[in-house]
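The values are calculated or read from the model by the stated rules, or taken from the named source; none is laboratory data. Being a predicted model, the structure only gives us computed values, none of them experimental. Cβ atoms come from the backbone with ideal geometry, glycine included; neighbour counts cover every protein chain shown. Surface accessibility is based on the protein's heavy atoms, side chains included, excluding ligands, DNA and RNA. Shrake-Rupley method; radii C 1.70, N 1.55, O 1.52, S 1.80 Å.
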Amino acid sequence: MTSATVKGFTNEFAKMRQLGVVPVGSALLLGVLGLTMIAALGDPSFAEPRTRSWLPMLGGMSMGVALMSPLMLAVLASRQVDIEHQGQGWLLSATSGLTPGQVCRAKLVALGAVVAMITIATNVIILGVGLALGVPAPPPVGHWLAAVSGALLVSLVLLALHVVLAAKVENQLVGLGIGVLGTLFAAFASGLPTWLAHLAPWGYYALTRAAEYQGESVVLLLPSWPSLLGLAVVGGVVFALVTGRLDRQEV
Amino acid sequence: MSYIVTTENLTKRYRDRTVVDGVDLRVPTGCVYGFLGPNGAGKSTTLKMVLSLIRPTSGAVQVLGQPMTRQTRRDLLGRIGSLIEAPPGYAHLTGAENMRLVQRLLGLEDAQVEHAVRTVRMNDQMDKKVGHYSLGMKQRLGIAMALARRPELLVLDEPSNGLDPAGIEEMRELLRGLAEDGVTVMVSSHLLGEIDKTATVLGILSGGRMIFQGTRDELFAASTPDVLLDCSAPERAQAVLSRIGPATLEGSAVRLAGPGNRAVAGAVAALVGDGIGVHGVRRDEQTLEDVFAELTSGGGL
Ligand SMILES: Nc1ncnc2c1ncn2[C@@H]1O[C@H](COP(=O)(O)OP(=O)(O)O)[C@@H](O)[C@H]1O
Ligand SMILES: [Mg+2]
């Protein structure tokens, strides 16, 4: 990263004040936490401390991330970008040496850091709740980390999508509408054939589920890394191309 | 004379519409350059090309002795303050927080920011949210953002737009003060009156073309004012003079539109020949306003 990019990144954090990042981030955290607890407490094994297991909690966590993230990420990205349209920010940055593409990249990094922090906080709390509930087995750390990293990767791709969308399309209702459609797609993706889930980035949350019911019992799952890698490469290339074009675009 | 900004044949076309057409700017170092033209004349487009925010279709820009291109832009923009079209500012942040963003991007000292804020007299407003600012305060904050880098060149696009008369007067004083501090100021307006008293050099743009560039005195000299003839029988005089050129009745006088000296002599001779007494011949008082209106409607000198 050049020093301009680092300064741009720091500035994006400074711009987050009063922008609703805390309420939106809290909604994401509490939503995932709530769905995790509903899934756990709804599982018959949770009736007795002795039979409690991490698996229903992890399954609930994955479901919560898939249901909550699409809209919350759209809101975060849209608010962070809309201030540039409203405040002549593109021109201000350009005349201070930061191109629109660089601004967008700085926004992705800053928002990505926020989402990563929310993800870590959510999972630390889930771990704490599980321990407090006296789940007897040790947590399945490997599967857990893999699922969380996979889902975070999907979220970063979605953030990138929403950042460039909000930059290109001034009407922020467009991005939010796509976030709502994404939520629906993510909700149904786990029931769709796998190839269908691959067709839109929201579907990839289904490929990162930590656990799922197979018959009566819950089993641990690992993310399907080749698919996620494919998503990351396509998302990264598209983001680089679009922000590169923004750099050359006239303001 | 040394020029801080020059352009050669600067042209911008959108599709097949030529918005800026072969403009050769000459902005002397240290002056206040008034860049005038009616709305849609191409002022903002020209200024954006000067700042390399948009690419010229053809032609070249030199700023601070260097070609201004996408490659040199980063370094040069650190030495140029600018305010193009609407003033910038994040409404959800305070004035101080907005200034800090600029300070970080450009690596400025606290003292530079403080000085800029004091120059535009916004020091008491910095803890308020920009969303609660009046337009005049936003303009001043925008100028503070541009000034904080201690620019050698300040480019202001219609800074008086939307300001009340007091605000416009304050802007004038600000520009004069900056010029005294040695900053070259390029300021655009669609109203001559706004920059008439501050600008030492004027450039007038109309329909994308530069129709005049020079000092105020040169502008006056370049255009011929009307002549008023006071005579004994104005109605008859008008009839006689109308045969020679456009003549209108004005009280006890007849007005001839922009005649040369020879035409005036001819007119007097014609009246005397017809037995009309001529007891006064005078050039009309001409305001810069008139000259500007004449130029921009007629399309050139
Ligand atoms: N991006 C653009 N695409 C097409 N036409 C444009 C664009 N920007 C400006 N114009 C046109 O160029 C002309 C000059 O605009 P502008 O430079 O803003 O004039 P001014 O600042 O003198 O009012 C206007 O007619 C405007 O509609
Ligand atoms: Mg304009």
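Report the residue, chosen from A:LEU28, A:LEU207, A:LEU92, that carries the largest GNM mean-square fluctuation when chain A is represented by alpha-carbon nodes joined by springs under 10 Å.
A:LEU92
Given the options B:ARG283, B:ARG73, B:ARG15, state which has the largest fluctuation in a GNM of chain B using a 10 Å cut-off (strictly under) for Cα springs.
B:ARG15
What nm value, rounded to one decimal, do you get for the distance between A:ALA113 and A:ALA14 when each label is placed 7 Å out toward the C-beta?
1.3
With n ≥ 4 as the cut-off for DSSP H runs, can you work out [θ] at 222 nm for chain A, using -39500 (n - 2.57) per run divided by the number of residues, rounded to the nearest 500? Mind dumping the intermediate values first?
Values: 9 runs with 182 residues, N = 251.
After summing the helix terms and dividing by the residues of chain A, the value is -25000 deg cm²/dmol.
Between the chain alone and the structure with every protein chain in place, find the residues of the stretch A:70-115 that drop at least 50 Å² of accessible area; heavy atoms, 1.4 Å probe.
Correct list: A:GLN88, A:LEU91, A:LEU92, A:THR95, A:SER96.
Let me make sure I get this right: for the stretch B:224-285, a, b and c are the square roots of the gyration tensor eigenvalues over alpha carbons, sorted descending. Under 1.5 in a/c it's rounded, otherwise prolate if a/b > b/c, else oblate. Which is it? Don't jump to the answer; show the numbers that get you there.
Details: a/c = 1.45, a/b = 1.26, b/c = 1.15.
Rounded, because the longest to shortest axis ratio a/c is under 1.5.
Based solely on its DSSP helices, what 222 nm [θ] is calculated for chain B when runs of n ≥ 4 H residues each add -39,500 (n - 2.57) and the sum is averaged over all residues, nearest 500 deg cm²/dmol?
Working: 11 runs with 108 residues, N = 301.
Mean residue ellipticity at 222 nm (helix-derived): -10500 deg cm²/dmol.
If I model a spin label as a point 7 Å beyond the Cα along the Cα-Cβ vector, how far apart are those points for B:THR6 and B:GLN66 in nm?
1.8
Compute the length gained on full extension between B:ALA96 and B:GLU285: take 0.36 nm times their separation in residues and subtract their Cα-Cα distance, giving the result in nm to one decimal.
Details: separation 189, 0.36 × 189 = 68.04 nm, distance 4.88 nm.
Gain in length upon complete extension: 63.2 nm.
Given the protein chains as shown and a 1.4 Å probe, how many square angstrom of B:HIS279 are accessible, to the nearest 10?
In the full protein context, B:HIS279 sits at about 140 Å².
Give the accessible surface of the stretch B:48-131 per residue, rounded to a whole number of Å², with probe radius 1.4 Å and ligands, DNA and RNA excluded. The partial results should precede the final answer.
Working: 3700 Å² over 84 residues.
Result: 44 Å² per residue.
Rounded to the nearest percent, how much of the accessible area of the stretch A:3-247 (1.4 Å probe, protein heavy atoms only) is carbon and sulfur? Intermediate values should be presented prior to the final figure.
Details: 7560 of 10270 Å².
Carbon with sulfur: 74 percent of the solvent-accessible area.
Tell me, what is the per residue accessible area of the stretch A:3-247 in Å², probe radius 1.4 Å?
On the way: 10270 Å² over 245 residues.
Per-residue value: 42 Å².
Can you compute the FRET efficiency between A:GLU212 and A:HIS85 using 1/(1 + (r/R0)^6), with r the Cβ-Cβ distance and R0 = 30 Å? Round to the nearest 0.05.
Values: r = 42 Å, r/R0 = 1.39.
My answer for the efficiency is 0.10.
Using the Cα gyration tensor of chain A, with a ≥ b ≥ c the square roots of its eigenvalues, what is the shape: rounded (a/c below 1.5), prolate (a/b larger than b/c) or oblate (neither)? Please list the in-between numbers first.
Numbers: a/c = 2.41, a/b = 1.95, b/c = 1.24.
Prolate shape, in that a/c is at least 1.5 and a/b is the bigger ratio.
Taking 0.36 nm per intervening residue step and subtracting the Cα-Cα distance, what contour gain separates A:VAL141 from A:GLU170 on full extension?
Gain in length upon complete extension: 6.2 nm.
How long is the gain from B:THR29 to B:ASP16 if the chain were fully straight, where each residue apart is worth 0.36 nm and the alpha carbon distance is subtracted? Don't jump to the answer; show the numbers that get you there.
Working: separation 13, 0.36 × 13 = 4.68 nm, distance 3.48 nm.
Length gained between B:THR29 and B:ASP16: 1.2 nm.
Let me know the charge dipole size of the protein assembly as shown about its Cα centre in debye, to the nearest 20, where only the beta-carbon of Lys, Arg (+1) and Asp, Glu (-1) is charged.
Numbers: 45 positive and 45 negative charges, 288 e Å.
That gives the protein assembly as shown a dipole magnitude of about 1380 debye.
Cross-link candidates for B:LYS43: which aspartates and glutamates have Cα within less than 17 Å, leaving aside residues fewer than 8 places away along the same chain?
A:GLU250, B:GLU8, B:ASP21, B:ASP24, B:GLU85, B:ASP157, B:GLU158, B:GLU194, B:ASP196
Report, to the nearest whole %, how much of the accessible area of chain B belongs to carbon and sulfur atoms, 1.4 Å probe, protein only. Let's see the in-between values first.
Numbers: 6440 of 13420 Å².
Heavy-atom surface of chain B belonging to carbon and sulfur, 1.4 Å probe: 48 percent.
In square angstrom and rounded to 100, what buried accessible area do you get between chains B and A, total over both, with the probe at 1.4 Å? List each step's numbers first, then the result.
Details: alone 14690 and 12090 Å², together 24260 Å².
Buried: approximately 2500 Å² between A and B.
Select from A:GLY42, A:GLY203, A:GLY130 the residue whose mean-square fluctuation is largest in a Gaussian network model of chain A (Cα-Cα springs shorter than 10 Å).
A:GLY42
With labels modelled as points extended 7 Å from the Cα through the Cβ direction, what inter-label distance (nm, one decimal) is found for A:GLU250 paired with A:VAL234?
In this crude spin-label approximation the distance works out to 3.4 nm.
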